[in-house]
Amino acid sequence: ELRDLVEANGMKLLAYTPRMLADDDYYLKHCQPRQATAEEPGMELLPNACKLGYYAWKPLVICKALLQLQPGDMLLFMDANIRKYPQYKEGIEDLPSTCSSLLASCGADIFAPLEDAMWKRIRNHCKNYTLDLMDGNTFDVAYAPCICVNRILMRRTEQVESIMQDWLNWCSQTVVISPLPNPNPHPLCLFHTPEQSILAVLLRKMVLCGDLPPGWPFFSYAEGSRIFHTRSMERWPLPLHTGVLRRLYYMLKFFRLLFSSASYPTSHPFWKQFPRADTAYLLKFAFRGFLMCFVPLPTIP
């Protein structure tokens, strides 16, 4: 269905399956199902990540796809599970113009949107040890908003190929991508998003050293939306008054979660799909998310 939608709008779909990657040396070494150690900390909302090699295949398929393009061509990586996320089908008819507009607006050859950026920071999406290993355990990196990697837009350039190769190399290191080891857990960390947090750290450091424009990526998914279209995104950072209202909105949201933590594990359509998201976890999630709403954002370099 996704292929039909894409090709009907004049684009080409490159799809990869485990069978297609079966002979790839990197895939065989780093993307195989891993044996989870009991109940992995920080993986309550990603219970199957270990079975999928902690998503280390994501930079691999992007690197392979880039090699099939001409220099300067655009590539959009996207999750293909449109049955689980029907919103992913929306906006496909405008993808060429959306992609061109986003790359032009962010002044770079790579783009990944933010999501719920007022409280979703790299700090609460990444185990502390990964930040240590990647020299990212600073306020300007750890407390920056975390990008969302369900779509990653790029143009084939030397810089982008270098970024993807760097991402690939970091994802090959088990101690970096997996939730353990993590000898000094940070009290504000909510979960560990394996490949997502690694790319977020890499790109944030590029912003700080001037390899990406100050303020990149400039856009976030609008509240409650994951539609990849300019009309479904909002400029980032938010205006001051909007930012204050957004912080208050999330504070109330986490406050409500705090008082609903006993019933949500069995009644809420989102939370009940995660067996490990019990009352104790929701209390922790609500409290830490509430606290993050008070943490200032790093200034734009």
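The values are calculated or read from the model by the stated rules, or taken from the named source; none is laboratory data. Keep in mind that this is a model prediction, so the values were computed, not measured. Here Cβ is always computed from backbone atoms with ideal geometry, including for glycine, and neighbour counts include all displayed protein chains. Quick note on the areas: whole protein, heavy atoms, side chains included, nothing else; ligands and nucleic acids left out. Shrake-Rupley method; radii C 1.70, N 1.55, O 1.52, S 1.80 Å.
Calculated FRET efficiency, ASP166 and THR17, Cβ-Cβ r, R0 41 Å, to nearest 0.05?
0.95
Would you mind counting up the charge near PRO71? Only other residues with Cβ under 10 Å from its Cβ, with Lys and Arg at +1 and Asp and Glu at -1.
-1
Among GLY224, GLY210, ALA286, pick out the residue whose Cα is farthest towards the positive end of the charge dipole of the chain, where Lys and Arg carry +1 and Asp and Glu carry -1 on C-beta, about the Cα centre.
Of the listed residues, the answer is ALA286.
Between PHE255 and LEU67, 0.36 nm times their residue separation minus their Cα-Cα distance comes to what?
Taking 0.36 nm per residue and subtracting the Cα distance, the gain is 62.9 nm.
What is the sum of charges around ALA286, taking Lys and Arg as +1, Asp and Glu as -1, for the other residues whose C-beta is under 12 Å from the C-beta of ALA286?
Details: positive: LYS253, ARG256, LYS284, ARG288; negative: none.
Once all neighbours under 12 Å are counted, the net charge is +4.
Rounded to two decimal places and with Rh computed the Kirkwood way over Cα pairs, what is Rg over Rh for segment 47-159?
Dividing the radius of gyration by the Kirkwood radius yields 0.98.
How much of the accessible area of the chain, probe 1.4 Å, is carbon plus sulfur, in whole percent?
57
From largest accessible area down, sort THR242, THR17; use a 1.4 Å probe on the protein chains.
THR17, THR242
How many Å² of accessible area per residue for segment 186-233, probe 1.4 Å?
Normalised by residue count, the accessible surface of segment 186-233 is 31 Å².
Per DSSP H run of at least 4 residues, take -39500 (n - 2.57); add these up for the chain, divide by its residues and hand me the 222 nm value, nearest 500 deg cm²/dmol.
Taking each H run of at least 4 residues, the total per residue is -11500 deg cm²/dmol.
Describe numerically, in nm with one decimal, the distance between label points set 7 Å from Cα along Cα→Cβ at ILE300 and at LEU240.
Taking the two extended label points, one gets 1.5 nm.
So for the pair GLU7, LYS272, with labels modelled 7 Å out along Cα→Cβ, what separation do we get in nm?
Output for this residue pair reads 4.0 nm.
DSSP H helices in the chain with Cα extent of 15 Å or more along the helix axis and mean Kyte-Doolittle hydropathy at least 1.0?
The qualifying helices are 95-106, 279-292.
So I have [x] 32, 62, 6; [y] 30, 46, 22, 2; [z] 31, 48, 18, 3, 0, and one of them is P(r) over Cα pairs in 20 Å bins from 0, in percent calculated from this model. Which one is it?
[x]
Consider a paramagnetic label point 7 Å from the Cα of ALA222 along Cα→Cβ; state which residues of segment 96-116 have an amide N under 17 Å from it.
Zone members listed by number: 98-99, 102, 113-116.
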